[in-house]
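Notes follow the structure.
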Amino acid sequence: MLSLFTGPEKKVKKQTDEIKRGQRLQNAKEMFFTGKFPVVTTPLIEGRRIRKVLGLVSGRSYDTECAFYGLTASAIDIGADAIIGYQENVAFHPDGSRYFSCYGTAVILEREKKEKLTPRQIAMQ
C-alpha cells in the first residue's frame with residue numbers, strides 16, 4: 001500500500017544520521033587528542049607490539065579534518081587500537097576546490113604489561 005506521508009520521515013532520518021556522524025567524528029577526535037588512539041606514519045609504534053592487523057581504512061572529504069577523523073572513526077568502528085602507515089593525498093580541481101584522502105592500516109596492539117612495583121619502589125613514590 002502506498003503511503004502519502006513518507007516525506008517527513010526521510011528528513012528526520014537524514015538529520016539523525018548527521019547527528020550520529022558528528023558524534024562519531026567527535027569521539028574519534030577526543031580519542032586522538034587524548035593519546036588513546038595513536039596514528040603514525042611509520043609501520044610500527046615504538047614500544048608496542050602489533051597483535052592483529054585489521055586492514056586498510058580510509059577517509060575522504062573536502063575538509064581535511066573530516067577526512068582525518070572519518071579515517072580514525074572507521075578504524076575505531078572495527079575495533080582498532082591504532083593506525084599505522086598513515087598517508088594523505090590532496091586532489092586539486094580546476095574550480096579551485098581541494099579533495100582530501102587519507103588512509104592507513106588499522107591494527108590491534110598487544111596490551112601493555114603493567115610493571116609490578118616492589119614495596120620499596122612504592123614507598124619511594
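For region 20-101, GluC sites (Glu not before Pro) meeting the loop criterion (DSSP other than H, G, I, E, B) and having at most 15 other Cβ atoms within 10 Å: GLU46. Using the Karplus relation 6.51 cos²θ - 1.76 cosθ + 1.60 with θ = phi - 60°, the per-residue 3J(HN,Hα) values for region 97-108 come to 7, 10, 10, 9, 10, 9, 8, x, 9, 7, 9, 10 Hz, with x marking Gly and Pro. Computed over region 8-111, relative contact order equals 31 percent, with contacts defined as Cα pairs under 8 Å that lie 6+ residues apart. In region 56-95, which chymotrypsin sites (Phe, Trp or Tyr not before Pro) fall in coil by DSSP and have 10 or fewer other Cβ atoms within 10 Å? Here no loop site has a sparse enough neighbourhood. A straight chain from SER101 to GLN87 at 0.36 nm per residue would run longer than the Cα-Cα distance by 4.2 nm. Panel note: the C-alpha atoms of region 8-111, placed on their principal axes, show extents of 50, 37, 23 Å (largest first).
Once the piece of chain linking GLU65 and GLU46 is laid out straight, how much longer is it, given 0.36 nm per residue of separation minus the C-alpha distance between them?
Working: separation 19, 0.36 × 19 = 6.84 nm, distance 2.55 nm.
The span from GLU65 to GLU46 would gain 4.3 nm if fully extended.
For trypsin sites (Lys or Arg not before Pro), the sites in region 45-108 that DSSP calls loop and that have at most 13 other Cβ atoms within 10 Å are ARG49.
Taken together, the values in this text are just the output of simple stated rules run on the coordinates, not laboratory data. A quick note: this is a predicted structure, and the numbers were derived from the prediction, not measured. Neighbour counts run over all protein chains shown; Cβ positions are idealised from the backbone, glycine included.
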